[in-house]
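To keep things clear, I will list the structure first and then write my remarks on it.
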Amino acid sequence: MRTDTGQIVHLADYRPTDFVLERVDLTFELDPRATRLESRLIFHRREGVDAKAPLVLDGDELTLTELRLDQNELPAGQYDLSPSSLVIRDLPETAPFEVTVITTINPEENTQLMGLYRTNGVYCTQCEAEGFRRITYFPDRPDVLAPFTVTIIADKAANPVLLSNGNFLGGGNYDEGRHFAAWFDPFPKPSYLFALVAGDLGVVEDTFTTMSDREVKLKIYVEHGKEARASYAMDALKRSMKWDEEVFGREYDLDIFMIVAVSDFNMGAMENKGLNVFNDKYVLADPETATDQDYANIEAIIAHEYFHNWTGNRITCRDWFQLCLKEGLTVFRDHEFSADQRSRSVKRIAEVRHLKAEQFPEDSGPLAHPVRPTTYREINNFYTTTVYEKGSEVTRMIATILGRDGFKKGMDLYFERHDGDAATVEDFVKSFEDANGRDLSQFSLWYHQAGTPLVTASTSYDAAAKTFELSLEQAIPATPGQPNKQPMHIPLSFALIADNGSLVNAASVSGGEVTGDVLHLTERQQSFTFSGVGSRPVLSLNRSFSAPINLDFKQSADDLVQIARHDTDLFARWQALTDLALPNLLQAARDAREGKETVCEKAFINALLEAAADETLEPAFRAQALALPSENDVARELGGNNDPDAIHSGRQAILKQIAKAGAEVFGKLFESMKTQGTFTPDAASAGKRALRNSALGYLALLDGGAERAASAFAAADNMTDMVHALTVLAHRFPDDAKTAEALGAFLKRFEANALVLDKWFAIQATIPGASALSRVKALLEDPHYAPNNPNRVRSLVGSFAFANPTGFHRADGEGYRFLASQIIGIDPRNPQLAARILTSMRSWRSMESVRANHARSALVEIERTPSLSTDVRDLIERMLK
Ligand code: PHE
Ligand code: ZN
């Protein structure tokens, strides 16, 4: 394992390589323990580079067996080998030269899942960000692009399928029962997009005809027997290809597009050119085993990786600081795709929930960093929700500021200018500026300043003058390394709502730029005055979450009810219901801490039940409204000195009062929202199931709840209903015999299905309360637990740490100590997995002092462990700083 090297990389140090890579030719002879790779690289010295400058190649855990320059073995004095590099001197001054590097690697022992590794007997690669250097010595950085030819030689019986990037050149039999296949990728690409897959796999095939009438072969490879579960992914792929043509004008370029689903994968999926590799969780689905959420995730991730073909592959990143250039933009594209395929407002609500639950805490804690960072020690730690989700929000704001057409013009110019380039965020922004003649320099601060802006709003109405005034103030909190912030350009979508519920059009607005329904807040303090407003309107602000900010706007319950009833933006209606819920949840947490009874406001309960029962609203929206802010949301709002037990019991008290008041509504919904006939995963049916299941969640809080949940479990005929009923049963009645029985029945039925087993582990890991820890420890010993499978580790240890506030944040600190021991155990095998799970501690300073002290000790215990990976050490040090 590569342990900490401690090197900090600075954006300011960027410079291009001394040598230009012209071509890459790789020949793999696959063997589980001794794979031989012959790599032939053609380089020439870049113009103007010193004739003495050596060629520096990156490497990591490689065995060099041979090294040649223009076919001649290189004398030992002409190169230097270190654990992380190969440096070759005395190279031709101007003429191109060929370097041949032969390395031997051991895929079977590669437990990091970076580079070439084995998963269930299949050879597979993962190279982003710096995995290619674990395969061969190479200039392993994203601004070195070349066409690749790849030949794979392997035992034919064990590996009938041999895949790499690009188009298939040919193949045939070789010696000793081996065969070979050759692939050529004509599109110059960086090493992080390289992929190789070999093994015995089943395949699902289809075709797609592009806008210029080329037929592209589509293939999804899965383990034998799982072919039928890939059909939804195939359908999502075809819809993605079509959508990218229609909405972004982007056509696919190779003759073939392949996806391979593997069961051991650190991340969600990877966009390797023409050969995406997926965590099988995001490919495999059928009604019996996949939930509606699984289907939605598959659709989104298939689209995301496919969209990378243009935003990431055809235009890649100059360096890893530019990661958001491909990730933020591609998340924005997959969000738009899903919004078009499903309900736009419901999708937006889910996105914002996710952003607030994941990115906001990151942005307000020790791991906060700008969307475009300027330093890193371990790039793997920057595949963050800030780079991805906030990066997407920043792209969305560009679209909001420029409008649909302006955004499209900017995107078109970006593709036109930079196709084939390794580009920067500045290149991206400049395309929008040039295409629209607009200065986006203040806006660019969104890329450079970390921290969630806090916008404080207040309003006043002058009946005599018929003016309505909105005063805004923005403040961006200090974040690590950034004590002082400049005011940003914050686009705020708004509406004025009249007493009768209609939208008011002001005669004019002064005080700043307003375009359509968007106010542009650009000063630290700014007031907008609307004139010609006949009666006091209700202001709906930051509609659709047009800017990723915290908004402090003290609106009365009456005003919020008015928005919840009448805004034409469904997102704003959901936001208003959430704003009505929050003060009740906060008060309930305070009351619980003081041992007081809590009383939920009637105005809120009524508004919530009104929305739940409103048949003009789509069921998925109503389900989102009924899913109150989570315990983590409440903790975030409280902002510090948190006691998860009080938050939990306060929230439960509120839920019970809603359940009592709405018993009739929930009973009706549970009956009327039952989907009939064969299961279909479409958004409308999923919405009905979601609403019915949230009704069940409330009903389970009333007398006879356990029986209700148990019978819903028994009656469930799809995985969505089954998982939901089982969760309600286990979480509310953990010690009831019916829970043990249901968990046992579920295990028995789905024992052979790894993805469903993950759900079984996750449901138990998230049972609230202090007893969760002993349950989790027992599950670690369960024969179905698999400590080397990332999905399984995440489903047990990850779910416990991220999604079980009362269990993990036990007042005695045992949850933290347990996590520390897990991190220390996982790190030597798989540092990326260890680091990812460790981020569950990122908000430790917001806990009340007893817990915070325990958390600190657990972090210090990890810090004291010898030979930690760079991944874990980097996080620990930032969290303890
Ligand atoms: N680039 C992948 C994506 O589409 C994520 C990833 C990063 C996968 C690093 C593996 C390793 O978002
Ligand atoms: Zn991506």
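Quick note: the coordinates plus some simple rules give every number you see, no bench work behind them. Values in this document were obtained by computation on a predicted structure and should not be read as measured data. Reconstructed Cβ throughout: ideal geometry from the backbone, glycine too, with neighbour counts over all protein chains shown.
Of all the numbered requirements in (1) away from ligand 1 (no atom under 16 Å from the Cβ); (2) among the basic types (K, R); (3) assigned to a helix (DSSP H, G or I), R836 misses one, and that requirement is (1). For the range 320-327, the condition holds for no residue, the condition being that it is more than 16 Å from ligand 2 (Cβ to nearest atom), free of Cβ contacts under 8 Å to residues at least 40 places away in the same chain and not β-branched (V, I, T).
Counting only helices (runs of 4 or more DSSP H) that fall entirely inside the range 731-826 and contain at least 1 residues that are touching a helix residue (DSSP H, G or I) at 6+ places or on another chain (Cβ under 6 Å) and under 30 Å from R873 (Cβ atoms), the qualifying elements are 754-765, 772-780, 790-793, 799-803, 805-808, 814-826. Just one residue in the set D552, D579, D559, D591 is under 30 Å from Q449 (Cβ atoms), charged (D, E, K, R) and surrounded by 16 or more Cβ atoms within 10 Å (Cβ to Cβ); that residue is D579.
What do you reckon, is A620 more than 26 Å from the chain's Cα centre (by Cα) and among the hydrophobic types (A, V, I, L, M, F, W, C)? Answer is no for this residue.
Across the range 262-286, the number of residues qualifying as more than 9 Å from ligand 1 (Cβ to nearest atom), among the acidic types (D, E) and assigned to a loop (DSSP other than H, G, I, E, B) comes to 2.
With respect to being away from ligand 1 (no atom under 16 Å from the Cβ), free of Cβ contacts under 8 Å to residues at least 60 places away in the same chain and either aromatic (F, W, Y) or surrounded by fewer than 22 Cβ atoms within 10 Å (Cβ to Cβ) (or both), L218 fits the description. The residue list L41, L91 contains one member that is surrounded by 15 or more Cβ atoms within 10 Å (Cβ to Cβ), assigned to a loop (DSSP other than H, G, I, E, B) and in contact (Cβ under 8 Å) with a residue 24 or more places away in the chain, which is L91.
Residue-wise test of (1) within 12 Å of ligand 2 (Cβ to nearest atom); (2) more than 16 Å from the chain's Cα centre (by Cα).
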site: K281; (1), (2): no, no
site: D286; (1), (2): no, yes
site: T291; (1), (2): no, yes
site: E299; (1), (2): no, no
site: A303; (1), (2): yes, no
site: Y306; (1), (2): yes, no
site: R314; (1), (2): no, yes
site: R318; (1), (2): no, yes
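Across the range 336-347, not a single residue is classified as within 16 Å of ligand 1 (Cβ to nearest atom), farther than 26 Å from A623 by Cα and in contact (Cβ under 8 Å) with a residue 60 or more places away in the chain. Might you let me know whether the range 840-861 holds any residue that is in contact (Cβ under 8 Å) with a residue 24 or more places away in the chain, in a helix (DSSP H, G or I) and within 20 Å of the chain's Cα centre (by Cα)? Yes, because at least one residue in the range 840-861 is in contact (Cβ under 8 Å) with a residue 24 or more places away in the chain, in a helix (DSSP H, G or I) and within 20 Å of the chain's Cα centre (by Cα). Looking across L551, L580, L586, one residue alone is in contact (Cβ under 8 Å) with a residue 40 or more places away in the chain, among the aliphatic types (A, V, I, L, M) and in a helix (DSSP H, G or I). It is L586. D721 meets each of the listed conditions (1) of a type in the set (D, E); (2) loosely packed, with under 15 Cβ neighbours inside 10 Å; (3) part of a helix (DSSP H, G or I) apart from (2).
Among the residues making up the range 832-881, those that are among the charged types (D, E, K, R), buried (at least 21 other Cβ atoms within 10 Å of the Cβ) and touching a Pro at 6+ places or on another chain (Cβ under 9 Å) are R836, R851, D871. Is there a residue being out of contact with any Lys or Arg (no Cβ under 6 Å at 6 or more places or on another chain), without any contact (Cβ under 8 Å) to a residue 40 or more places away in the chain and either within 16 Å of ligand 1 (Cβ to nearest atom) or not in a helix (DSSP H, G or I) (or both) anywhere in the range 385-392? Within the range 385-392, one or more residues are out of contact with any Lys or Arg (no Cβ under 6 Å at 6 or more places or on another chain), without any contact (Cβ under 8 Å) to a residue 40 or more places away in the chain and either within 16 Å of ligand 1 (Cβ to nearest atom) or not in a helix (DSSP H, G or I) (or both).
Hey, any hits in the range 439-452 for a residue that's within 25 Å of G410 (Cβ to Cβ), among the aromatic types (F, W, Y) and not in a loop (DSSP other than H, G, I, E, B)? Within the range 439-452, one or more residues are within 25 Å of G410 (Cβ to Cβ), among the aromatic types (F, W, Y) and not in a loop (DSSP other than H, G, I, E, B). Scanning the range 54-79 for residues that are surrounded by fewer than 15 Cβ atoms within 10 Å (Cβ to Cβ) and either within 41 Å of the chain's Cα centre (by Cα) or touching a residue at least 24 places away in the same chain (Cβ under 8 Å) (or both) yields a total of 5.
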